[in-house]
Amino acid sequence: GRPVFDRMLKRVEKGEAQGVIAWHPDRLARNSIDGGRMIYLLDTGTLKDLRFATFSFENNSQGKFMLSIIFGYSKYYVDSLSENVRRGNRAKVASGWRPSRPPIGYVTDPATKTTVPDPERFELVRRLWELALTENYSTKQLRKIVASWGLRSRRTTRTGERELSVSTIYRILENHFYTGLIRWEGKLHPGRQKPMITLEQFDR
């Protein structure tokens, strides 16, 4: 999951460089694999030196031992942070709110951090459900209809607003969130968001 880091190590392995400069060892490795790769390259002599702005390193047995301890601390920090985030997410789900960004038709209220209907899209998505429940339209037909209404995805910095794709229509029609439930970690939980349809309609 670290393409730039991987490219850097491949260049070192090819002999293009013999050292690495980083702010701190935790910028190089926050998991056991990356840390192991760095130590291995030092052991084999492929990597001659490491330089840090806030940490002193010498390429000897003591230096590599201290480096491995710093890598271990970094991994512990990431693991603890990840567990705290998961714990916080579970607590939010238990209180009836989705921790992540809600699907189209809903937005997160920045003041309360709760899920509320999107004033621009809620009714349009609800109308999409109504058409789907008639069983008279294919997903491709539904896509064309909602496009004619002007229903588009929420604006993002990377993509901007876009017309809904067929795969997005499928994801909407397969999402329990619209019934007032929240699927999290493979299980359904009661949510406090305003539902668009009933569970019976969703099953249909």
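The values are calculated or read from the model by the stated rules, or taken from the named source; none is laboratory data. Quick caveat, the model's predicted, so the values are computed rather than measured. Here Cβ is always computed from backbone atoms with ideal geometry, including for glycine, and neighbour counts include all displayed protein chains. Note: areas computed on protein heavy atoms with side chains; ligands, DNA, RNA excluded. Shrake-Rupley method; radii C 1.70, N 1.55, O 1.52, S 1.80 Å.
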Complete set of residues in the stretch 98-112 that are farther than 22 Å from G150 by Cα and open to solvent by less than 40 Å² (accessible area, probe 1.4 Å): P99
Selection status of R30, among the charged types (D, E, K, R), modelled with pLDDT under 95, within 21 Å of F5 (Cβ to Cβ) and outside any helix (DSSP H, G or I): yes
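Which is under 31 Å from the mean Cα position of the chain (by Cα) and not β-branched (V, I, T), of G1, G63, G15, G19?
G1
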Long-range neighbours under 8 Å by Cβ, at least six apart or interchain, first residue open to solvent by 40 Å² or more (accessible area, probe 1.4 Å) and at pLDDT below 95 within the stretch 169-193, second among the β-branched types (V, I, T) and part of a helix (DSSP H, G or I): W184/V93
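Is it fair to say L42 is touching a strand residue (DSSP E or B) at 6+ places or on another chain (Cβ under 8 Å) and in a helix (DSSP H, G or I)?
Yes, satisfied.
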Residue within the stretch 113-131 that is without any contact (Cβ under 8 Å) to a residue 60 or more places away in the chain, of a type in the set (S, T, N, Q) and either loosely packed, with under 12 Cβ neighbours inside 10 Å or part of a loop (DSSP other than H, G, I, E, B) (or both) present: no
Residues being within 19 Å of R11 (Cβ to Cβ), open to solvent by 80 Å² or more (accessible area, probe 1.4 Å) and either in contact with a helix residue (DSSP H, G or I) (Cβ under 9 Å, 6 or more places away or on another chain) or acidic (D, E) (or both) - total across the stretch 44-71: 1
